[in-house]
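Here the structure is laid out as C-alpha cells; the discussion comes afterwards.
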Amino acid sequence: MASRHSPPGHPRFTPGLLLAALCAALAFHLGALPVRAFETTWWVWHRSAPLSDDESQILASEGVRKLYWHAGTLRSEGEGWHLEGRLNLPEKGSAAIALAPVLRLSADGALPLGAAAAESVSQILMEAARRAEAGEVQIDFDCSDRRLSDYAGFLAKCRARIAPIRLSATALAGWSKAQAFEKLQAGVDSLMPMFYDLVPDAPSEVRAGRALPLVDAASLANQIESWRTCRIPWFAGVPNFARITVFDREGRSRGHLREWDWDSICFNPVLALRAQPAPGVTLLQAGSDAVLVNTPVSKGETIACRRPDLVQLAQTLAVAEKAGATGAAIFRLPGAGSQGGWSLRQMDTLLRERTACAPEFKLRRTPHGLEMINISVSDLAPRLAGKSGDHDRGWQLEVESSAGAVFREASPGEFANVFGHAEPDAAEPRRVQIPMAQRLTYWFADLRAGQSRQTGLLQLAPGVEAASLRWRIPHSSENSQWQPIE
C-alpha cells in the first residue's frame, strides 16, 4: 500500500490563449469568462530522468515555462533538517523550460522551525538551485493550522537566506482562512494551494456506495473563492493522476495501491461493479478473497478507481482563473504507468483543439502478429463499466476474415488476453479453440495517445493473406465499424 506521499501521484495528490481554448472547449458547461493571462505549470513527482524530446515539444507548444520538480525529502535531525539520500534532479534540459526544485519536509518526528532549522534547509535549497540553475525553489509541507504562524516565520527566514533566489511553497487549501495567512504571504514569493484531497472519504459514505472524486468543481468553488484575498501570486493545484484505493468492509481506507495497471483492474474476475457515484469514480467490489496487484483483498471490500474527469478539471481551472489565480499547477506530469492520469497529448488536445476529441486507431500487420496504434492525440480511457452486467469492463479488438476460420495460432502479447469465437454474430458468441474460431477477440483496458499494443504470434491458414482480415473496436466512437488491416 502506498503512503500519502507515494505514487500514483502527489496524493493530497500558458499564457492566456491556453486557458481560453480550454474554456471555449467546454463553454456549454462554463459560460462566458473573461480572457486574461493565465499560466500553466506542472509538478513532477518521483522522477529523475530528463524530459523526452516529445515531452519538451508538447510542453513548449503549450507555453509552459517552468516545472516544479520534487528533488528530495528532508527529515528532522535535532534542531535542523537533513536530506534523505541525494538530490533527485535531472541533467539540465531545454533552456525554454526552467526547473524549480521542490524539497518536501517530512512530517515524521519533531518539526523544528527555528533559526537553526531555517539555516539547514536554506543550505540545501541553495545547493538544489545551483544544481538546477534555478531562480526559484519550493518547500512542500502539510503544516497544521496550529503551527502555521511558526511555519510562516520559518519560510521568511529561509527566503531571506537564499535571496535573490525566489521561494515558493505549496499550501493546504484551508490556509486562506487561517489567522496566520497574512504572515504566510509575507514569507514567500508565491503559493501553490492544492485543491484536492481536502477531506477523507467517510466510512458511512463508502458503505453506501459513494466515494469522493479527485476533482469536483462545484464543491471546490467556495474554497477556491476564499483565495481571492491572497495578495501574492498563487497557482491553483489540480490533480492529474489516477488512484486505486482499497476500503475494508466497514468503509475505512486501507490505502492506495502502489504499482498497478488498468488491465489488472479491468479483467480481474473477482471484482464486480458496485457503483459509479461521481464523474471519474468507479467502485468495484471483491466477490471473494483474492490478491489484487500483490495486495490481499477480502470478500466484500471496495476498490475505488479514480481519475480526474476532464469536464470537472476544466471547470475548476475556470473557477480559479476567475478568483484571481496567477495560473494552474497540475499535479503531476504524466509518467509511463497507469497512475500518471491523462497523457500530455490528451491534455494538450483539450487545451489547444478546444475539444477532448475522440481517439482513433489503425491496425497493421507485423512480421509475426498485429499492432494496434492510437494515431490520435486523445487517450482511450479505461472502460470500467458497461451495460451488459457487473463484469462488463474493458475494450475488445475484434479481428475476423471473410474466408471464415483461418486462424491457426494466436497469443495475446501486450493485450490482456485473446479468445476465439464461433458464431460471432449470435447474441452470445460461442468460445472455441483458436483453430476453430471465426473471430478473434483481443482484450485491453486502455491506450494512450500515440501508444500501441502488439499481439503475440498470429498464424493464419496456408495461403490466407492478412489483407483478408478486418477489425473493429465495439463501443468506441470512431472505430466501431469494420475496416481493413493496413
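Observations, loosely collected:
- Of the cross-linked pairs 66/322; 177/322; 66/92; 66/177, those separated by over 24 Å at the C-alpha level are 66/177.
- Taking the convex hull of the alpha carbon positions in the chain and averaging its projected area over all directions gives 24.1 nm².
- Taking chymotrypsin sites (Phe, Trp or Tyr not before Pro) across segment 418-486, the ones in a DSSP loop with at most 16 further Cβ atoms lying within 10 angstrom of their Cβ are 482.
- ³J(HN,Hα) computed for each position of segment 189-194 - Karplus, 6.51 cos²θ - 1.76 cosθ + 1.60, integer Hz, glycine/proline x: 8, 7, 10, 9, x, 9
- Computed from backbone phi, the HN-Hα couplings of segment 201-207 come to 5, 6, x, 5, 5, 5, 4 Hz, rounded to whole numbers (Karplus: 6.51 cos²θ - 1.76 cosθ + 1.60, θ = phi - 60°; Gly and Pro given as x).
- Other-chain or far-sequence residues with amide H under 5 Å of residue 408's (modelled H): 459, 460, 461
- Backbone HN-Hα couplings from phi across segment 47-63 [Karplus 6.51/-1.76/1.60, Hz, Gly and Pro as x]: 8, 10, 6, x, 4, 6, 4, 5, 4, 4, 5, 5, 4, 5, 5, 6, x
- In summary, the convex hull built on the alpha carbon positions of segment 200-299 has an orientation-averaged projected area of 7.7 nm².
- For segment 361-484, a Kirkwood hydrodynamic radius built from all Cα pairs, placed in the Stokes-Einstein relation at 4 °C and 1.567 mPa s, yields a translational diffusion coefficient of 88 µm²/s.
- Our estimate of slack between residue 364 and residue 56, defined as 0.36 nm per intervening residue step minus the Cα-Cα distance, is 108.0 nm.
- Averaging the sequence gap over all C-alpha pairs within less than 8 Å and six or more residues apart, then dividing by the number of residues, gives segment 392-435 a relative contact order of 33 percent.
- Neighbours of residue 415 by Cβ distance under 10 Å: Lys/Arg scored +1, Asp/Glu scored -1, total -1.
- Around the amide H of residue 297, modelled in the peptide plane, lie the amide H atoms of 290, 291, 292, all under 5 Å away and 5 or more residues distant in sequence or on another chain.
- If only the Cβ of Lys and Arg carry +1 and only the Cβ of Asp and Glu carry -1, the dipole of the chain around its Cα centre is close to 700 debye.
- Cα centroid separation - segment 429-486 against segment 370-407, whole Å: 8
Computed from the coordinates by the stated procedures, all read-outs in this text should not be read as laboratory data. All of these numbers come straight from a predicted model, not from anything done at the bench. Don't worry about glycine lacking a Cβ; one is built from the backbone with ideal geometry, like all the others, and counts go over all protein chains shown.
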